[in-house]
1. Where the second residue is surrounded by 14 or more Cβ atoms within 10 Å (Cβ to Cβ) and β-branched (Val, Ile, Thr) and the first is modelled with pLDDT of 75 or more and lies in the stretch 167-192, which pairs have Cβ atoms under 8 Å and are six or more apart or on separate chains?
2. May I ask you to list the residues in the stretch 78-100 that are within 22 Å of residue 143 (Cα to Cα) and touching a helix residue (DSSP H, G or I) at 6+ places or on another chain (Cβ under 7 Å)?
3. Criterion first (open to solvent by less than 40 Å² (accessible area, probe 1.4 Å), part of a helix (DSSP H, G or I) and either over 20 Å from residue 183 (Cβ atoms) or touching a residue at least 60 places away in the same chain (Cβ under 8 Å) (or both)) does residue 69 satisfy it?
4. Hey, could you check the stretch 120-149 for residues that are touching a strand residue (DSSP E or B) at 6+ places or on another chain (Cβ under 7 Å) and in a helix (DSSP H, G or I) and say which is nearest to residue 60 (Cα to Cα)?
5. Could you please give the count of residues in the stretch 158-203 that are over 22 Å from residue 131 (Cα atoms) and touching a Phe, Trp or Tyr at 6+ places or on another chain (Cβ under 7 Å)?
6. Tell me the residue from 147, 133 that is open to solvent by less than 10 Å² (accessible area, probe 1.4 Å) and within 24 Å of residue 112 (Cα to Cα), please.
7. Would you mind finding the one in 174, 117 that is outside any loop (DSSP other than H, G, I, E, B) and surrounded by fewer than 20 Cβ atoms within 10 Å (Cβ to Cβ)?
Amino acid sequence: MTTDPDSTTASSTAMTDASPGTADIDWFALQKQAHHEFSVRVAAIDDWSAPTPDVEWNVGDLVRHVVQEQQWIPPLLAGLTLAEARRQVEPLGDDLAAEWHTYSARATEAWQDAQADAPVQLSYDTVTVLDYLREQVSDVTIHSWDLARATAADEGLDHTLVDAVWTVFEPQRDALEASGLFDSPVPMPEDAPLQSRLLALTGRDDRR
């Protein structure tokens, strides 16, 4: 996945259509849970140069990517255009753990103040806040597992997060690979745990 938030958004059209029957999912609450999951793994980092399942990134690169995604959220949810939002995105400092906590808090506050059906201008289209939220929760959830694997932390993700992100990714299994966001899906038995099957859709294999 790219470290450019604008480019990441441009590649994410496959992630914006939720499957039927998911209206009862509280994505705003899940956003907080996803950030909690990531924060727990950030606290476990002792080697910022360690490799991650995203083979082109080390731990520092991975955390930087996720933090950069959070930087864009408040200005975009405030209705700014991409050009206007870009001018508000500041370079990150060297303390990525501190930067994560700062921008996680700002993003969370912005999500809680947003209306689900309000429009958000992204680089590939104008979508609703809820569509953008689903995309961001999914991204942070998957990267929480990446960070857990990279730091030998607990790899078990909150089951409500896994269930919800599955409703986003599973209907788009064919489009995910074509989007360029993920590696090819990994074959996984149908009776495997849902988390394993979810990760497999993104080219990750938690059995090794």
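The values are calculated or read from the model by the stated rules, or taken from the named source; none is laboratory data. What you see is a predicted model; the values in this text were computed from it and never measured. Glycine gets a Cβ as well: all are built from the backbone with ideal geometry, and neighbour counts include every protein chain shown. Accessible surface is based on the protein model in full, side chains and every heavy atom, while ligands, DNA and RNA are left aside. Shrake-Rupley method; radii C 1.70, N 1.55, O 1.52, S 1.80 Å.
1. As it stands, the answer is 167/22; 167/25; 169/202; 175/13; 176/202; 182/202; 183/202; 185/202, since those pairs meet every condition given.
2. 89, 92, 93, 96, 97, 99, 100
3. Values: open to solvent by less than 40 Å² (accessible area, probe 1.4 Å): yes; part of a helix (DSSP H, G or I): yes; either over 20 Å from residue 183 (Cβ atoms) or touching a residue at least 60 places away in the same chain (Cβ under 8 Å) (or both): yes.
Yes, satisfied.
4. In the first step, residues of the stretch 120-149 are kept if they are touching a strand residue (DSSP E or B) at 6+ places or on another chain (Cβ under 7 Å); the result is 120, 126-129, 132.
This time we only want the ones that are in a helix (DSSP H, G or I), so: 129, 132.
Numbers: 129: 29, 132: 25 Å.
Among those that are touching a strand residue (DSSP E or B) at 6+ places or on another chain (Cβ under 7 Å) and in a helix (DSSP H, G or I), it is 132.
5. The number of residues fulfilling the criteria is 2.
6. On the way: 147 fails: within 24 Å of residue 112 (Cα to Cα).
Unique residue meeting the criteria: 133.
7. That would be 174, the only listed residue that is outside any loop (DSSP other than H, G, I, E, B) and surrounded by fewer than 20 Cβ atoms within 10 Å (Cβ to Cβ).
Listed here are the residues, each with its yes/no results for (1) of a type in the set (Phe, Trp, Tyr); (2) surrounded by 16 or more Cβ atoms within 10 Å (Cβ to Cβ); (3) closer than 22 Å to residue 128 by Cβ.
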| residue | (1), (2), (3) |
| --- | --- |
| 46 | no, no, no |
| 58 | no, yes, no |
| 63 | no, yes, no |
| 75 | no, yes, yes |
| 83 | no, no, yes |
